[in-house]
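Novice: Quick one: this structure, given as structure tokens, is what I'll be asking you about.
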């Protein structure tokens, strides 16, 4: 394959990642609504630890654990932002 073929493949993967990230954000919105109704805090450190553990278990490389953790830290950060917007928590 040529470099352009690989780039086309990356573009396709990126589009799928965008869809998956938006699917995840929809779940976050549902969770935020539940948290708002039940006066729950946005941050749930135990759940976040579980997310990191699940990601680590699912990883077969070539990304290393620390790289994936950094990516998921940003995903969780954005999820918190979305939840705070819905719940009104600062």
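Novice: Within region 58-68, does at least one residue satisfy the condition of being in a helix (DSSP H, G or I), at pLDDT 95 or above, within 15 Å of the chain's Cα centre (by Cα) and under 17 Å from residue 86 (Cβ atoms)?
Specialist: No, because not a single residue in region 58-68 is in a helix (DSSP H, G or I), at pLDDT 95 or above, within 15 Å of the chain's Cα centre (by Cα) and under 17 Å from residue 86 (Cβ atoms).
Novice: So which of 72, 52 is in contact with a helix residue (DSSP H, G or I) (Cβ under 9 Å, 6 or more places away or on another chain), assigned to a helix (DSSP H, G or I), within 14 Å of residue 24 (Cβ to Cβ) and touching a residue at least 12 places away in the same chain (Cβ under 8 Å)?
Specialist: Going through 72, 52 in turn, just one is in contact with a helix residue (DSSP H, G or I) (Cβ under 9 Å, 6 or more places away or on another chain), assigned to a helix (DSSP H, G or I), within 14 Å of residue 24 (Cβ to Cβ) and touching a residue at least 12 places away in the same chain (Cβ under 8 Å): 72.
Novice: Keeping to region 35-46, report how many residues are part of a helix (DSSP H, G or I) and loosely packed, with under 11 Cβ neighbours inside 10 Å.
Specialist: Number satisfying all stated conditions: 3.
Novice: With 77, 83 as the choices, which residue is modelled with pLDDT of 95 or more, surrounded by 11 or more Cβ atoms within 10 Å (Cβ to Cβ) and under 14 Å from the mean Cα position of the chain (by Cα)?
Specialist: One residue alone meets the criteria, 83.
Novice: Checking residue 13 against (1) without any contact (Cβ under 8 Å) to a residue 12 or more places away in the chain; (2) touching a helix residue (DSSP H, G or I) at 6+ places or on another chain (Cβ under 8 Å), only one condition comes out false. Which one?
Specialist: Exception for residue 13: condition (2).
The values are calculated or read from the model by the stated rules, or taken from the named source; none is laboratory data. Note that the structure is a prediction, hence the values are computed from the model and not measured. Cβ coordinates were reconstructed from backbone atoms using ideal geometry, including for glycine residues, and neighbour counts include every protein chain displayed.
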